[in-house]
Structures are given as C-alpha cells and as structure tokens.
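The numbers here are math on the coordinates, done by the rules we state, and not lab data. Nothing here was measured: the structure is a model prediction, and the numbers come from that model. Using ideal geometry, Cβ is built from the backbone for each residue, glycine included, and neighbour counts are taken over all protein chains shown.
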C-alpha cells in the first residue's frame, strides 16, 4: 500500500518555497514519535490483535450479564491544517497549509456505519450483555434531559481552528457527544450538542444515568483521518535560534486515528469512579488505501497574497517569506466505505474482545 507526501517549505530567501509529491511506504520514522502502525481489514484481524491495539485506563469492568445502554459514532476528519512560523530580526518565514477531503458519499458511509453498529450490538449480546431498551431508557430522568441533545446523522462540526469533521451515528438513533469530549473547539466541548446546557449540567446527568437505569453506559467512538501533518521549524525560541525556515509535511493515507478512537464506559455499580476507557494506541491502516489523488489546489488569490506580503516585507525592510497552500485529497467513493468498514470492524471487534476480558485483566493506568 502506498501513500503520497506533500512538503511545503518557506524560507528567508524571499522565495515561496518548494513542492514535492512522492509515493512512500506508510511507516513513520522513530524520530517522528508516531505510534506504530498495523493493517487491519476485518473483524478477525482486529480480534487477533486485541491485546496490543488498545491501552486500558481505569480499574472497573462491565461483567457479562449486566445491563448496558450503548452508543456508537464514527468521525471522518475531512479538513485539517496547521501554521508554522520562524521569526528573526528583520525577517520571518511562515508556512500555512490546509488539507481537505473530497469523494465521501454520505449514503454509502451511513450504510457502512449502520452495519458496524449492528456488529457492535450483536457482539454485546453474544458476550452476554443485556441491552437497555428505548422504553426503559426513557423512564430515566437523566436520560430525558440528555436525549434532547441528540443530533441526526450525519453531523458536520468544527473541531479546531482548521479541523472539520462529519460524524455518523446509527440511522434513526442520533449522535451522542459525551461530556468528556474535547474535540469541539471555539464553543467548548458542546458546540455540536446544543440544548443540553453547560458542561457541568451534562456531566451531572451522565453521573446519575447508570444508577437510574441500573445499567452500565458505554460508547464506541471511532475516528478516521486522511493525512498526517508535521510542522518543522518555528517554536517558542525561534525568534532567537531560528534558522529562518519552516516546513509543513503532509502524508496522505487513510488511518483509524489512535487516542481519538476509544471505547468508554461508566459501570453500574461504581459510576462514582468515573469514566473507564479502552483507547486505540496504534495507527490502524486499511488493507487497500482508497485515496485516488493528492494535489495542490491553492487559489490564485492566496498566491497573490503571498507575493504581496513578500513585496511589502522587502519594501519595509522587515523581510518575509510566505507559503499559504491548500491541498485536496480525493477518495474512491465506493472503495472508501468498504475500506473504512473493514478497518473499523476490526477495531470494534478488538474493543469488544478486550471489554469481555476486563474482569480478569489487571487494572489499567491513569492519564
């Protein structure tokens, strides 16, 4: 499997920088401190690697035979980017890159998510868990207050200064954003969860939910991205020690994102011990990379702006090199949902296998 890499460099030479496009194996160098990667394209492959894919946080468990209220969501990171600066006396360099994804068919992705949700529920039942019915959940005062904040699938939300994601949940059931979710910036953790109230109010209702239901509450959050971004240069002391050059590298490869993909639960009894988690700690790659193209789509306006900025710097004696770029990652519309479903099926299966083993597994660490 190959991925493509784009590198954009801004230097104090007054030039806009350099551009490179190349194919490479999806293995990150140790110096990049990237999590190790593993190809997973089926439930069987996920189960076979369950012991090494996930890191446990917390000490409690959800033993088989217990009642559970399940949630499920898939996030596709469709836009991301970064900005790097390196400033020196009478000179500076700035690299600014945005990466956008095209070629996602909502209907095909939704169908895949519905199948993944069915796998999740079937897996819970097969493990001996009893699913709380909608009628039973509606009797809970806490759930009555939380339920109003559910959003229909798909949901588009900003997740950072450059980030934008589309979230998918089971058809007809809605998307639940937990109180501990910190992905939604600008308006706090609840930018996409209006109607619930503030973070404290939501956390309070979540705390009471297991006791009122007499059931554990658990959810699976899976995040899929399409680019690895690395900025080089700049930094806290760049105005003193900077070499006058900054660089942004982007590797286009579909991946299930570690740390952003997890199984979380609040147990019953024991909700007062807080949220327990199984967190994906390895990059999961699909068997076939569904990325068709990775190209520079920077607008003429942005290029003119960079040139104007450099001219002003030269005229005023402040110097300056600017590189503002936008890249487009194009997916295979039919191939992507298949690749996504295969990898996420494996991660889901691994999570359920580890969940079943928690009663006898040593307690996990702390963040």
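Which of the peptides 257-267, 113-123, 134-144 is most tightly packed, and how do the rest follow, judged by the mean count of other Cβ atoms within 10 Å per residue?
257-267, 113-123, 134-144
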Requested in this report: Order these peptides, 160-172, 278-290, by their mean beta-carbon neighbour count within 10 angstrom, highest first.
Outcome: 278-290, 160-172
